[in-house]
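A short write-up of the structure that comes next.
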Amino acid sequence: MSSGQESVFPEYETDTSQTSKLLRKFKETPFVPIGMAGFAVVVGYGLYKLKHRGEMKMSLHLIHMRVAAQGFVVGALTCGVLYSMFREHVLKPKE
């Protein structure tokens, strides 16, 4: 890109570090990292309980952990959508 041309996306070129982009995204959509963290917690808990599952079959244990992880992520994303709708439609000042 030559120096005489104006940038098409100046807000993306000012934040050059990956951490600043990630932090900006987390501020825009706070429920996505909550869903990711919840998914990681459920997977960690599932791996811990894998040793102490008793007589439960491995496939049944994995199905339960998958459903729990997916449920947490879908719940977090649903809360995020509801939050953004509330912020956009209820808290938005009338024009």
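The values are calculated or read from the model by the stated rules, or taken from the named source; none is laboratory data. Please read these numbers as outputs of a predicted model, since none were measured by experiment. With ideal geometry, Cβ positions are generated from the backbone for all residues, glycine too; neighbour counts draw on all protein chains shown. Keep in mind that these areas ignore ligands, DNA and RNA; they rest on the heavy atoms of the full protein, side chains included. Shrake-Rupley method; radii C 1.70, N 1.55, O 1.52, S 1.80 Å.
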Quiz item: Can you tell me which residues in the range 67-87 are open to solvent by 90 Å² or more (accessible area, probe 1.4 Å) and modelled with pLDDT of 90 or more?
Solution: none
Quiz item: For the range 2-25, which residues satisfy the criterion of being assigned to a helix (DSSP H, G or I) and at pLDDT below 80?
Solution: 10, 11, 12, 13, 14, 21, 22, 25
Self-check item: Options 68, 76; residue that is within 22 Å of residue 28 (Cα to Cα) and touching a residue at least 12 places away in the same chain (Cβ under 8 Å)
Solution: 76
Quiz prompt | Within the range 43-65, considering residues that are small (Gly, Ala, Ser) and exposed (fewer than 11 other Cβ atoms within 10 Å of the Cβ), the one farthest from residue 26 (Cα to Cα) | solution = 54
